[in-house]
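See structure below.
Taken together, the values in this text are just the output of simple stated rules run on the coordinates, not laboratory data. Source: prediction; values computed, not measured. FYI the Cβ positions are ideal-geometry reconstructions off the backbone, even for glycines, and counts take in every protein chain you see.
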Amino acid sequence: MDIATQTETAPPPPPPATTEQQRASRGATRPGDRIFLGLSRGSGIVLLVIMAAIAAFLTYRAALALSDNTGNFLTTFEWDANAIPPKFGIAVLAFGTVVSSIIALVIAVPVAVGIALFISHYAPRKLAVPIAYVIDLLAAVPSIVYGLWGALVVAPNLTGFYSWLDTVLGWTGIFEYQGGAPRSLMTVGILLAIMILPIITNVSREVFLQAPKMHEEAALALGATRWEVIRMSVLPFGRSGIISASMLGLGRALGETIAVATVLSPTFLISASLLDPGGGTFAQNIASKFNEASEYGRDALIASGLVLFLITLLVNGAARMIIARRKEYSGANA
Amino acid sequence: MKLQRMNRRALALGALAVSGALALTACGSDETGSTGGSGGKQTNAANIKCDDAKGQLAASGSSAQKNAIDAWTKAYAQACQGVQVQYNPTGSGAGITAFLQGQTAFAGSDSALEPAEIEKSKKICKGGQAIDLPMVGGPIAVGYNVPGVDNLVLDAKTMADIFNDKIKTWDDPAIKKLNPDAKLPNTKVQAFHRSDESGTTDNFTKYLKGAAPDAWPHEPGKTWEAKGGQSANGSAGVSSQVKQTPGAISYFELSYADGIKTVDLKTEAKEPVKATVDNASKAIAEAKVTGKGKDLALDLNYKPQAEGAYPITLVTYEVVCDKGNKAETLATTKSFLNYISSEDGQQVLKDNDYAPIPDEIITKVRETVAGLS
Amino acid sequence: MSTTAPTAQAVTPDTLHAARLPRWTSPLVAIGSAAAAVGIGLAAGLHSRVQWGLIAAVLFVIASYVLATAVEGRRQAKDRFATSMIWVTFLLAVIPLASLIWETVERGSKVFSPYFLSHSMGVVADQDPGGGINHAIIGTLQQVALASLIAVPIGLLTAIYLVEYGRGKLAKAVTFFVDVMTGIPSIVAGLFVLSFWILILGFDFSGWAGAMALSILMMPVVVRSTEEMLKLVPNELREASLALGVPKWRTILKVVLPTAIGGITTGVMLAVARIAGETAPVLLLVWVNPFINTNPFDGAQGSLPLYIYQQYAAGSEASYDRAWAAALALIGFIMILNLVARGIARWKAPKTGR
């Protein structure tokens, strides 16, 4: 909420300096510098102004919505924002968002680290480059395509797997499966895992490649096996890299909209079983409720968007801090 | 040197890609329907009056009438070359919102305008207000996917229990009682509802509440109020889920029931009623006009007396200004609305699993369309 | 069969090398466990291919571990185990990714044709076959190009400011808000432009309105990736250039940027790919136009991701086919973009020591 107030204190933009004649005189270094500095600072300020406008706009609309809410914003299990006394809460959305993202992380991180290690230390050199390239390309597949694929290819093929999970782990209650369409938080988690896999892989691979060669060679010379080298010199070096990569992946999983909206069967209920269709996420709820929402309903959705926004901000910020702590390594192996 | 040569190659490659894209876009052409398409549903284009219609006609709203609008647009575009009708099936609420903000020429809505919305419309309609014009009727079919069951009869109470999660399997005694001859499996019931707000949900829950008030405790409305069940987005979404999921049941407009078996309703009448266009027309014929002045909002009867009348119906209105429509689209709007309310236009509905509006009401609609300004 | 060769080596422990499994063991075990998994799957009547794959993976890991423990000892077995785990994760990841591409190509090629690329949807109804994506391609190309025109210069300059000049409060605020910006749900960006451009300023839907929302989404991505790349440029290069008396702005333009241009291009391309797949803001701002509109500043346009979403939502066989074909076109477009970017990055990158 204090974003808006913070932006008000931003310094006013300096007058943009774009005198063509000054730039023409090549000998004078200082005018050129001044123009360049002005340009780059100017665009920084433009960005700041846009962002401040959005943040102010969002906070304003969200505040409008919250003041009229008759339910509890944090605990109500309902989304009746268009009704005349509006009643809505984000409990189900928060649960769904967090749970599906955690499922995605639990699946994606080990696999991504495996692939990253495979590319950096295991694959034959000739294979490693094209594989890394393919993974890069997959990071660019649009989420609508993942959504289409998830809804028409993945979900129909998961019924068998889910019945199996039900027979093996059904007694826990978490993996109980009623035989409905497999459009549950678990399916969303699996799809998100596949979507964030390339990002986590890319970042951790970069970190693994930066692991000091000397350490590895020393370990090898002492007779360590390849796994021991990785466990003792590569993984400790890359731990913070893996964490920040996971955070970046988490950030993407939290905010994913269209892919979740095509795959999930949204209901405003928290179900004990991950395999039961139902639940919802912030972004999905905004996308599917937005069209029919009244003006007030839109404000309510924006309020939920603001919460998502803050969560994503926290996650991204944490990832950044972890990366920043290791800044001394950047540039070393460019 | 080497670097430079490669630069040039990269540039050439880029230029090739760009020119390829340009070539692709330069020779594109609009699908006019004369060459492509199945052409199964022939329409008589000769009677369409284009008058001064031209340019783009942006509209949005109910997804229930999307299939009808598609058919109309096709016929209309063949008669009036150069007019582009862009109907965006965003949902009734979004359609009205967009219309009230002056973004579109007309809106399609499954429920009549609220008094507050009419009040707001006076800003956009200079000197007038927004009015409802009933154009499309239709049965809301209850489709199911139960292997081995080809005919299924349900009454309002059983249906309410199914959608309220009280009846959990298909061999429940209540269903058996209504279908003594059917081989009902013990498959779990998978009831689907719309996840988005929708006029279809509104009409369906109004029926449940009206016909079985004890079994359906929830308030009728555009949002699905009951807990539990599964959901999907849009009529197409729920109908495709019913197709894929054994044990599924859901409600959608008849035009989406392609390849899905539909429930016969046990009403006050002797025989169970099938979800057909004719049976729906019988129910819509009992509707009364409740709108004031030029507004033709209807009050639907969910307990029709006529023999063989199918009670779960839906009427979609086109919402326009009676006076003060946008000058640049007025002629086009009038021409298009004129066509869809004409006899030919209403005939198209029958061919696409929609019900035409009863004669008495549609005559009033035509008069009103002619007087739009 | 697989045990005969290693036992022959295992009886001669006095050589310098410890006992090792022959190189062909791993592929053999892999084939064996795959065959066993298919057998188990068929016998137990498991229909899901996913289960077959899982069984094969588990069998492979266990078999390699047991074999290695028996022949090579615990440490080597652990190494084998890790190696096979890593291979398994790799294969596990490749399966869905390959399936995604395979399904898109297979299902998409059904209606993908020059006709499909060169015609618009026009008046084709959702359930009827026919129609094409020409209007959507034009719309997406123009919107993405316009968005890049806004976002790339601002993003690049901001990143330069942050890395090369940025000290003090302003830089901190900009860094903070770039982070905030990456978290904006795309629909919120669309909403912002909707209320600002269309509702308050009273403009119509247009490709340009969509491009503005897309540029908001693109800016932080460009800033972040450029920032990372500029930070990777060794300080020695800057110092050397400055020491020779080159002004700072020329140092940045002639030394720093060229060094980082490969990474920057890749970053920009990834940003383009990200916004080319955005659906929500386009839906709000560009509207839907099934006809060709080549002017992004006037009237509604089409868009590829939106087209895919709508054809998916329409839910008929014909529209699913069109959705897949459009997905194929979109992926193809992004892949070509990526390839070109890679090429430029590689050619432009200054030769390093390696």
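Who wins for biggest fluctuation among A:A245, A:A139, A:A128 in a Gaussian network model of chain A, springs between alpha carbons below 10 Å?
Maximum among the listed residues: A:A128.
Give the angle, between 0 and 90 degrees and rounded to the nearest 10, that separates the Cα long axis of helix B:234-244 from the longest principal axis of the Cα atoms of chain B.
Approximately 60 degrees, to the nearest ten.
Using alpha carbons only, how many angstrom separate the centre of the range A:63-115 from the centre of the range C:159-234?
25 Å
Using each residue's phi in the range C:232-249, evaluate 6.51 cos²θ - 1.76 cosθ + 1.60 at θ = phi - 60° and report the 3J(HN,Hα) Karplus result to the nearest Hz, with x for Gly and Pro.
In residue order, the calculated couplings are 6, 5, x, 4, 4, 4, 4, 4, 4, 5, 5, 5, 7, x, 6, x, 4, 5 Hz.
Convex hull over the alpha-carbon atoms of the range C:229-335: what's its volume per residue in Å³?
Normalising the Cα hull of the range C:229-335 by residue number yields 138 Å³.
Determine the shielding of peptide A:115-123 by partner chains: average, over its residues, the number of Cβ atoms on other chains within 10 angstrom of each Cβ.
4
Counting only residues 5 or more places away or on other chains, whose amide H sits under 5 Å from the amide H of B:G91 once H atoms are built in the peptide plane?
Amide H neighbours of B:G91: B:G61, B:S62, B:S63.
Would you mind telling me which residue in B:A226, B:A275, B:A309 has the biggest mean-square fluctuation in a Gaussian network model of chain B, where springs connect alpha carbons within a distance under 10 angstrom?
B:A226
Taking chain A as a Gaussian network, Cα atoms linked when under 10 Å apart, which of A:T59, A:T167, A:T262 shows the biggest mean-square fluctuation?
A:T167
Subtract the Cα-Cα distance of C:I62 and C:I200 from 0.36 nm times their separation in residues, and report this length gain in nm to one decimal.
Stretched out fully, the C:I62 to C:I200 stretch lengthens by 43.1 nm.
Set the Förster distance to 35 Å, then compute FRET efficiency between C:I336 and A:I243 from the Cβ-Cβ distance, nearest 0.05.
0.50
Can you order the peptides B:143-152, C:225-234 by their average number of other Cβ atoms within 10 Å per residue, highest first?
By packing density, highest mean first, the sequence is C:225-234, B:143-152.
Determine the sum of side-chain charges near A:I230: Lys and Arg each +1, Asp and Glu each -1, restricted to other residues whose C-beta is under 14 angstrom from that of A:I230.
Net local charge, A:I230 excluded: +4.
Please work out the FRET efficiency for the pair B:A370 and B:K126, using the Cβ-Cβ distance as r and a Förster radius of 22 Å; give the result to the nearest 0.05.
FRET efficiency, B:A370 to B:K126: 0.65.
Karplus couplings for the range A:31-37 from phi (6.51 cos²θ - 1.76 cosθ + 1.60, θ = phi - 60°), rounded to Hz, Gly and Pro as x?
x, x, 4, 5, 4, 5, 4
Under the Kirkwood approximation applied to all pairs of distinct alpha-carbon atoms, what is the hydrodynamic radius of the range C:134-348 in Å?
For the range C:134-348, the Kirkwood estimate is 18.6 Å.
What FRET efficiency comes out for the pair B:K270/B:E328, r = Cβ-Cβ distance, R0 = 35 Å, nearest 0.05?
Calculated transfer efficiency: 0.05.
Roughly what would the spin-label model give for B:A116 and A:A318, points 7 Å off Cα along C-beta, in nm?
4.0 nm
Using a 10 Å cut-off around each Cβ of peptide A:131-143, what is the average number of partner chain Cβ atoms that fall inside?
The mean count of partner-chain Cβ atoms within 10 Å per residue comes to 6.
Can you work out ³J(HN,Hα) from phi for every residue in the range A:143-149, in order, using Karplus 6.51 cos²θ - 1.76 cosθ + 1.60 and θ = phi - 60°, giving whole Hz and x for Gly and Pro?
5, 5, 6, 4, x, 4, 5
Can you spot the lysines whose alpha carbon is less than 18 Å from B:K209's alpha carbon? Ignore those fewer than 8 places along the same chain.
B:K157, B:K166, B:K222, B:K227, B:K266, B:K303
Residue by residue through C:168-180, how many Cβ atoms from other chains fall within 10 Å of the Cβ on average?
6
What are the residues whose amide H is under 5 Å from the amide H of A:F88, where those residues sit 5 or more places off or on another chain and H is modelled from the backbone?
A:T70, A:G71, A:D80
Sort chain B into rounded, prolate or oblate with this rule: let a ≥ b ≥ c be the square roots of the eigenvalues of the Cα gyration tensor; rounded if a/c is under 1.5, and if a/c is not under 1.5, prolate when a/b is larger than b/c, oblate otherwise.
oblate
I need B:D214, B:D132 ordered by Cβ neighbour count within 10 Å, fewest first.
In order of increasing Cβ crowding within 10 Å: B:D214, B:D132.
Roughly what angle does helix B:359-370 make with the longest principal axis of chain B, taking Cα atoms, 0 to 90 degrees, to the nearest 10?
The answer is roughly 20 degrees.
How big is the range A:79-329 by the Kirkwood estimate over distinct Cα pairs, in Å?
19.8 Å
In whole angstrom, and with the biggest value first, how far do the Cα coordinates of the range C:17-108 range along each principal axis?
54, 29, 18 Å, listed from the longest principal axis down.
Sequence-distant or interchain residues sharing an amide H contact under 5 Å with C:S206, placed H: which?
Distant-sequence amide H within range of C:S206: zero hits.
Report the full-extension gain for the segment B:T363 to B:D150: residue separation times 0.36 nm, less the Cα-Cα distance, to one decimal in nm.
Between B:T363 and B:D150, full extension yields 72.7 nm more.
Could you give the alpha-carbon Rg of the range A:259-318 over 2.2 N^0.38 Å, rounded to two decimals?
Expressed relative to 2.2 N^0.38 Å, the Cα Rg reads 1.25.
What full-extension length gain, to one decimal in nm, is calculated for A:S67 and A:I174 as 0.36 nm per residue of separation minus the Cα-Cα distance?
34.8 nm
Cross-link candidates for B:K350: which aspartates and glutamates have Cα within less than 19 Å, leaving aside residues fewer than 8 places away along the same chain?
Straight-distance partners of B:K350: B:D70, B:D110, B:E253, B:D258, B:D278, B:E286, B:E318, B:D359, B:E360, C:D126, C:D128.
Once the Cα atoms of the protein assembly as shown are picked out, what are the Rg and Dmax in Å?
That works out to 31.2, 107 Å for Rg and Dmax.
Need one number: nm distance between label points at C:W24 and C:E317, each 7 Å from Cα along Cα→Cβ, rounded to one decimal.
4.9 nm
Please report the antiparallel percentage of the DSSP beta bridges confined to the protein assembly as shown, to the nearest 5.
In the protein assembly as shown, DSSP labels about 60 percent of beta bridges as antiparallel.
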